[in-house]
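Everything below concerns the one structure shown next.
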Amino acid sequence: MTKRSMETLDMEQYLTTNGHDNNNQDAKRIKVETKVGAPSKVIHIRNIPNDVTEAEIIHLGIPFGRVSNVLVLKGKNQAFLEMEDESAAVAMVNYFTNCVAQLRDRSVYVQFSTHTKLKTDQTHSNSSASAQAALQAAQALAGSDGKETTGGVNTVLRVIVEHMVYPVTLDVIHQIFSRVGKVMKIVTFTKNNNFQALIQYPDVITAQAAKLSLDGQNIYNACCTLRIEYSKLSNLNVKYNNDKSRDYNNPNLPSGDPTMDMSSLHQTTALATQQQLGMLGSPFAAMGLAGLTGLNQFAAATAIPGTLALPGMAAGFPYQAAAAAALAAGAQQGVRLPGLTGPPGANTVLLVSNLNETVIEPDHLFMLFGVYGDVQRVKILFNKKDTALIQMSEPQQALQAIANLDKVKLFGKELRVMNSIHNAVQMPKEGQPDAGLTKDYTNSSLHRFKKPGSKNYLNIYPPSSTLHISNIAPPGEEADVRAAFKSIDIEVQAFRFFQKDRKMALVKVNSIGDAITALIKLHNYPLSENWHLRVSFSKSTIQT
């Protein structure tokens, strides 16, 4: 490596880590290498989108091994990724030589850097808080040693459904896994009395994302647990499209009994007979859920800790503690797994219908939906006041809101919450009638998730009749809190201070509907001049 090339990288890092505009004249004079170098732990990525995050760059690398450092030069549309082992960097470059990497629907180009190490000035937060958070979250999700214990990374996943209380079908599996990225093929079968599936993605990046985000999650509440590992198969040979196997790139396959030719791969799998899988033909009929459509809005559990559910069912997909902690650390820094911002329906704008138009206000929706993400704008439709558009900060927050608020009752009416076809909520033009039905909350002080690493990420729960109350004015009087509830005509059934902190308490009310109303009306309620209540849903309960 030449002295000049090291000086070039040092200057690039200086400009990036000190917050300089990479489009200024100094940055424009910096020369970034474009030639392919010899094998190195440092990888050079070109043509990245201007708004890409460190996390998205990191997730290009984690399928191949542990990522030790990252540097993003947004003004130059370039990034550097340092792998812990040179072999991982070689595997990554080799893979993307034959398969062009994509970031936000844009082709990016991966090659070896002429540098052997990213030397970042540690006094400048590596050199940003977002890079540190993204690295920590990605490494925690990938495992402490950054290596897979089930073999090499592959495009084919093997999924075992444990504790299958309710039937699971190929279509259910497809709905879940397609939320992470495009699914190419699926084969389902029964082995050792367990329902299993082989799922093929177009690239290892998406397969890795699916494994990280869905392994250990429950399809339904406390049952149908997904156990995911990489398959030894590198390709699925699907001969039939039916309820047991499907090739989504070849819709013209016949619908005969499915088999999978594995002879060339030296592996055999016993497929279940039609009778064995017959119970899966109509998975929700026996449960009275034959008309369930919420699967089309299924939210992959990948972005912000909390509880996601299939709409209309008890809360499912509870986060595991380790994933929750890792994601909490990096969520506000833009940590995303590839494919999660792209699939249809995964945008930031929600369509909320069946509102009680006689009482609903934008502030009500801001307070309620703000439990699951930072609401940017609310628009109650002028000519259809039982319907509103709500714009969240991130697609993951919109998915959280769908999972937790679809079909809950607000002011006596059952909400319907789904993704909108709109990409943004527009403010009314000058002179356009609006009657205060559209509001911008971008600069609101009541956002719960703007602070990086906020503990609020670890305390997202579905609506319940027990509320968590905090920021109670000292000396902490129960009568003050009860008086607040009385002021909005909601009866307190039970009250309990936290043992070591009288600034916090649990309050149980008559119903979930009352709890939702209380949260909307009492979050930021002034107990005194300097003390305003903070209200959220609790995972705990107290006896009346």
Query - region 161-262, accessible surface, carbon-and-sulfur percent (1.4 angstrom probe) - result: 40
Report summary line: Expressed in angstrom and rounded, the centroid-to-centroid distance over alpha carbons for region 417-445 and region 377-397 is 7
Report task. Take the Cβ-Cβ distance between Thr541 and Ala435 as r, set R0 to 35 Å, and report the resulting FRET efficiency rounded to the nearest 0.05. Result -> 0.30
Requested in this report: Report the label-to-label distance for Val100 and Lys451 in nanometres (one decimal), using points 7 Å from each Cα along the Cα→Cβ vector.
Outcome: 4.5
Query raised in the report: Full extension from Arg416 to Lys232: what is 0.36 nm times the residue separation minus their Cα-Cα distance, to one decimal in nm?
Result: 62.0 nm
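With a 1.4 Å probe and all protein chains left in place, how much of the accessible area of region 390-528 comes from carbon and sulfur atoms, in whole percent? Numbers along the way, then the final one.
Details: 3370 of 6970 Å².
That share works out to 48 percent.
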Query raised in the report: Based on the Cβ-Cβ distance from Glu357 to Arg496, what FRET efficiency comes out when R0 is 35 Å, to the nearest 0.05?
Result: 0.40
Requested in this report: Could you list the chymotrypsin sites (Phe, Trp or Tyr not before Pro) in region 366-428 that lie in coil according to DSSP, counting only those with at most 16 other Cβ atoms within 10 Å of their Cβ?
Outcome: Phe382, Phe411
Requested in this report: Run the accessible area of region 49-126 with a 1.4 Å probe and give the carbon-and-sulfur part as a rounded percent.
Outcome: 46
Query - Peptide ranges 492-498, 44-50 listed from the most packed, as the mean C-beta count within 10 angstrom indicates - result: 44-50, 492-498
**Report entry** Summed residue charge, Cβ within 15 Å of Asn252's Cβ, Lys/Arg positive, Asp/Glu negative
**Finding:** +2
Query raised in the report: At a Förster radius of 45 Å, what calculated FRET efficiency corresponds to the Cβ-Cβ distance of Ser255 and Ala38, to the nearest 0.05?
Result: 0.30
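The values are calculated or read from the model by the stated rules, or taken from the named source; none is laboratory data. Just so it is clear, the model here is predicted, and its values are computed rather than measured. Glycine also receives a Cβ, built like all others from the backbone with ideal geometry; neighbour counts cover every protein chain displayed. For accessibility, only protein heavy atoms count, side chains too; no ligands or nucleic acids. Shrake-Rupley method; radii C 1.70, N 1.55, O 1.52, S 1.80 Å.
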